[in-house]
Amino acid sequence: MATENRINFWRRNAKVPGRYPKDTKPKFNNLKTKKASSFHEFARSTNDAWDIDEEEDEDFLGSPAPTLTLTSGLHSTSRQNQQQNQADDTETGESHRLAPPRTEAQNFQDEQEEEEDAEHCEHVNGMVVKSSSEAHLNTSSVRSTLQKQQSLPVRPIIPLVARMSDQNASGAPPMTVREKSRLDKFKQLLASPNTDLEELRKHSWSGIPREVRPITWRLLSGYLPANKERRDLVLKRKRDEYFGFIEQYYHSRTDEHYKDTYRQIHIDIPRTNPLIPLFQQPAVQEVFERILFIWAIRHPASGYVQGINDLVTPFFVVFLSEFVTEDVENFEVAALPLDTQRNIEADSFWCMSKLLDGIQDNYTFAQPGIQNKVKALEELVSRIDEDIHNHFKRYEVEYLQFAFRWMNNLLMRELPLRCTIRLWDTYQAEAEGFTHFHLYVCSAFLIEWRKEILSMVDFQGLLMLLQNLPTIHWGNEEVGLLLAEAYRLKYMFADAPSHYKR
């Protein structure tokens, strides 16, 4: 907005982010509020604040970062969270006993709200402050999300990390003949003196069996050599090199030059998959802190950027699954031998580094890689489905408003973790999976919700739909169909402009 008199959607001069001025405080008892039909109407009717006064900002950022050891970095945070949870349980225990039983749809609704809180809450002077517009939007989105879930057929809850049919673990059904044949083929390829990587990619495109996924990911990411005799030596050298970085650099996290980077990492890690118990364990959070901090200081062109924390999780879960026969999402990592924990950490660091090497322009200043990809997505969708594209234009929905996260987090915020792992099987099998092919996956993902998108006739409803797509019950079957559609689009629109491949 050019003039000072126009209401700015993104910034306000409020004392605290998210607080309504007295004269504009909404009346929540008025249930017949008019929906905004365009972005500008929505902006005029929305009061949001992101500024913090300079004095408050200095108080928040000026406190010195504590010196942490490798083993105790987040134990204090964990104890505080436990004490807070106990206090909350005490206060609400009576109301819980009197409350009626909750339905599955209500439980899912609560999980969605908790996830949105983790993403959009800010910490100011030790207090959690939520954006007022987010609170307002969540109120209206609850009904649409609940109605959407109630309209879906009832399906059994799928484990968070992987479907039981996709793993050979306790309680899993026996593998089919086809699955056994595929697993044998993978084992044969991996056992050869020099693994044929092209053949391995060909078989990995349609999914990698759980038993051989860790070694396959190490090979396809370029972390391990194809020569079998060299693998053990390379693993030892790279793992030693990583922990050499820890000894050399990790103590500098409290230095003036790096304390802001470490502070942001420390804030973001508890928000990483907050509904999965595995990632709330202090031992796991300390691992993520070390991985992200070391990567950030070794890549000063970008440093740490929010969203990179999500990219560690698939590698960590896959390499952890090599040593776990039960549900990974509930496994206690501290129970593993220390050497095993160190190996998982080092392998996760190097494979994440290999991934980020190919998309680092997504995280450099002004994030030009993401800007280019979002623009390419817009042009591609305009050719694939003109109705959706014109619908967005009519209601002033910008692709950047929803697709930025799709590119920044590689759809990890839109899909369950089990689906991300399956998706990355194919991404690593594709020559430019995380860049070029991801664009077509995003296009297919958008078109998947064509009916729902075209039924929304206001800016607010469209944006809330695109930011809360109901994929909680998705599994390998849905991801497989999504990838097949992306493959079809890739070859139907093979004459796409060259900037699509950036």
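The values are calculated or read from the model by the stated rules, or taken from the named source; none is laboratory data. Fair warning: this is a prediction, and the values are worked out from it, not measured in the lab. Using ideal geometry, Cβ is built from the backbone for each residue, glycine included, and neighbour counts are taken over all protein chains shown. What goes into the accessible areas is simple: the full protein's heavy atoms, side chains included, and nothing from ligands, DNA or RNA. Shrake-Rupley method; radii C 1.70, N 1.55, O 1.52, S 1.80 Å.
Over 30 Å between Cα atoms: which of LYS180/LYS228; LYS354/LYS490; LYS180/LYS238 fall into that group?
Check vs 30 Å cut-off fails for LYS180/LYS238.
Relative to the current alpha-carbon distance between GLU326 and GLU448, full extension at 0.36 nm per residue lengthens the span by 40.6 nm. The phi torsions of region 188-205, fed into the Karplus equation with coefficients 6.51, -1.76 and 1.60 and a -60° offset, translate into couplings of 5, 5, 6, 7, 5, x, 10, 5, 7, 5, 5, 5, 5, 5, 4, 6, 7, 4 Hz, rounded to whole numbers, with Gly and Pro shown as x. Extension gain, ASP260 to GLN371, is 37.4 nm, computed as 0.36 nm per intervening residue step minus the present C-alpha separation.
For region 368-494, the solvent-accessible area of protein heavy atoms averages 34 Å² per residue (probe radius 1.4 Å; ligands and nucleic acids excluded). In order along region 422-429, the Karplus-derived 3J(HN,Hα) couplings, from 6.51 cos²θ - 1.76 cosθ + 1.60 at θ = phi - 60°, round to 5, 4, 6, 3, 6, 4, 6, 7 Hz, and Gly and Pro are given as x.
Tell me, what % of the accessible area of region 251-386 is carbon and sulfur with a 1.4 angstrom probe? Walk me through the numbers on the way to the answer.
On the way: 2410 of 5000 Å².
Here carbon and sulfur together make up 48 percent of the probe-accessible area.
Of the residues PHE243, VAL324, ILE297, the one whose Cα sits farthest toward the positive end of the charge dipole of region 242-367, with +1 on the Cβ of Lys and Arg and -1 on the Cβ of Asp and Glu, is ILE297.
Between TRP474 and any residue 5 or more places off or on another chain, the built amide H atoms are never under 5 Å apart.
When both region 387-426 and region 354-378 are represented by their alpha-carbon centers, they are found 14 Å apart.
The phi-based Karplus calculation (6.51 cos²θ - 1.76 cosθ + 1.60; θ = phi - 60°) puts the 3J(HN,Hα) values of region 477-484 at 5, 5, 5, x, 5, 4, 5, 5 Hz, whole numbers, x for Gly and Pro.
Each other residue within a Cβ distance under 13 Å of LYS202 adds +1 if Lys or Arg and -1 if Asp or Glu, for a net charge of -2.
Relative to the globular-protein estimate of 2.2 N^0.38 Å, the Cα radius of gyration of region 368-494 stands at 0.99.
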